[in-house]
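*Asks:* Handing you a structure now.
Just so it is clear, none of the values below were taken in a lab; they were calculated from the coordinates. Please read all numbers here as calculations on a predicted model, not as lab measurements. Note: ideal-geometry Cβ built from the backbone for every residue, glycine included; neighbour counts use all protein chains shown.
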Amino acid sequence: MGTTYKRILLKLSGEALKGDETGLYHYETVDEICKAIDECCKMGVQVAVVVGAGNIWRGGRADRKMDRSLADHMGMLGTAINALCLKDALRRIGREARVMTAVEMRTFAEPYVKDDAIRHLEAGRVVIFGCGTGSPYFSTDTAAVLRGKEIGADALLFAKNIDGIYTADPKKDPNARRLEHIGYERILREQLKAIDLTAAAFGMENDLKILVFGLDDPKRIVRVVSGEAPGTVIDNL
């Protein structure tokens, strides 16, 4: 399989790592995701990853009595835990990886420095970004578009629990249809929940290409990179 991409950024939710399990991780799913990432690397694609923490903690759903900044900092720690989990799964299949965090925790990870991240990617290592943007109130979707822009990714792959963006909620509306292509302007105008709206605004301003697809089968990552899997493209029409 061929690919038109030299460098991609893959956005994974924390929930993707737990599959249908009730615990923090479904390790077979984690392994399959990492095998797909490794396959992309073997195709000559440089892969960076931003991972969420929804399997561990969701700051937006914290008790309202909790300070929002503190809740978001707890979420940042959760992303670092998930990043280390992915790194170890990649190690077990022989793929070198580096965890880089927006908040320094040198015992476990490298501090994020753009040029260092690019050097790792050029050396064939997978770079996993943890701690989001390093600031509260910003989602990991926003971290993904920010890091994608900084490292010069050709495309951003957003793995979701649905196979693209629909005209309506397909679980509620049987007439909902999947959109193959949508512009940032429409997402922002109609306040669509496809991706975080702050991330959408940043993507529009910086002319980024986002591919939204379902992660029901981790092998879909490889197919998306190869241009074979359906999904939804978000860009400036």
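*Asks:* In a shell of Cβ-Cβ distance under 11 Å around Gly231, excluding Gly231 itself, what net charge do Lys and Arg (+1) and Asp and Glu (-1) give?
*Replies:* Working: positive: Lys160, Arg178, Arg220, Arg223; negative: Asp163, Glu180, Glu228.
Summing Lys and Arg as +1 and Asp and Glu as -1 gives +1.
*Asks:* How would you rank Arg68, Arg178, Arg95, going from fewest to most other Cβ atoms within 10 Å of each one's own Cβ? Numbers along the way, then the final one.
*Replies:* Values: Arg68 13, Arg178 16, Arg95 20.
Arranged by neighbour count, lowest to highest, Arg68, Arg178, Arg95 become Arg68, Arg178, Arg95.
*Asks:* If you work out volume of the Cα convex hull per residue in Å³ from the coordinates, which of [x] 129; [y] 201; [z] 121 do you get?
*Replies:* [x]
*Asks:* Excluding Pro136 itself, what net charge comes from residues whose Cβ is under 11 Å from its Cβ, given Lys and Arg +1 and Asp and Glu -1?
*Replies:* Taking every other residue near Pro136 into account, the sum is -1.
*Asks:* Under a 5 Å amide H to amide H cut-off, with H placed in plane at 1.01 Å, what residues pair with Val49 once short-range neighbours are removed?
*Replies:* Placed amide hydrogens put Leu10, Val127, Ile128, Phe129 under 5 Å from Val49.
*Asks:* For the range 170-237, what is the per residue volume of the convex hull drawn over the alpha-carbon atoms, in cubic angstrom?
*Replies:* Roughly 108 Å³ of hull volume per residue.
*Asks:* How much length is gained on full extension from Glu15 to Glu180, taking 0.36 nm per residue of separation minus their Cα-Cα distance? Walk me through the numbers before you get to the answer.
*Replies:* Numbers: separation 165, 0.36 × 165 = 59.40 nm, distance 2.44 nm.
Difference between extended and current length: 57.0 nm.
*Asks:* From the backbone phi of the range 215-228, what are the Karplus-calculated ³J(HN,Hα) couplings (6.51 cos²θ - 1.76 cosθ + 1.60, θ = phi - 60°) in whole Hz, Gly and Pro given as x?
*Replies:* 10, 4, 10, x, 5, 4, 4, 5, 5, 5, 4, 7, x, 9
*Asks:* Ok, one more. With contacts defined as alpha carbon pairs under 8 Å and 6 or more residues apart, what's the relative contact order of the range 126-204 in percent?
*Replies:* Relative CO of the range 126-204 lands at 26 percent.
*Asks:* How large is the dipole of the chain about the Cα centre if only Lys and Arg carry +1 and Asp and Glu carry -1, each at its Cβ, rounded to the nearest 20 debye?
*Replies:* Values: 34 positive and 34 negative charges, 21 e Å.
So the magnitude is around 100 debye.
*Asks:* Here's another thing I want to ask about it. In percent, how large is the relative contact order of the range 7-235, given Cα pairs closer than 8 Å and 6 or more residues apart?
*Replies:* Here the relative contact order equals 21 percent.
*Asks:* While we're here: Of the beta bridges DSSP finds with both residues in the range 7-235, what % are antiparallel, to the nearest 5? It would help to have the intermediate numbers written out before the result.
*Replies:* Values: 5 of 33 bridges.
The answer is about 15 percent antiparallel.
*Asks:* Mind listing the phi-derived Karplus ³J(HN,Hα) values for the range 143-156, rounded to whole Hz, using 6.51, -1.76 and 1.60 with θ = phi - 60°, and x for any glycine or proline?
*Replies:* Working through the residues one at a time gives 4, 5, 5, 5, 5, x, 5, 4, 8, x, 5, 6, 7, 10 Hz.
*Asks:* Which net charge results when you count Lys and Arg as +1 and Asp and Glu as -1 among the other residues whose beta-carbon is under 13 Å from that of Ile81?
*Replies:* +1
*Asks:* Mean residue ellipticity at 222 nm from the helices of the chain, using -39,500 (n - 2.57) per DSSP H segment of n ≥ 4 over the full residue count, to the nearest 500 deg cm²/dmol?
*Replies:* Numbers: 7 runs with 83 residues, N = 237.
One gets -11000 deg cm²/dmol as the mean residue ellipticity at 222 nm.
*Asks:* Okay, next question. Quick one: if the Förster radius is 35 Å, what FRET efficiency do Met74 and Arg223 give, using the C-beta to C-beta distance and rounding to 0.05?
*Replies:* 0.50
*Asks:* Between Asp116 and Lys65, 0.36 nm times their residue separation minus their Cα-Cα distance comes to what?
*Replies:* Once the chain is fully extended between Asp116 and Lys65, it gains 14.4 nm.
*Asks:* Give me the extension gain from Asp88 to Glu205: residue separation times 0.36 nm, minus the current Cα-Cα distance, reported in nm with one decimal. List each step's numbers first, then the result.
*Replies:* Numbers: separation 117, 0.36 × 117 = 42.12 nm, distance 3.55 nm.
Full-extension gain reported as 38.6 nm.
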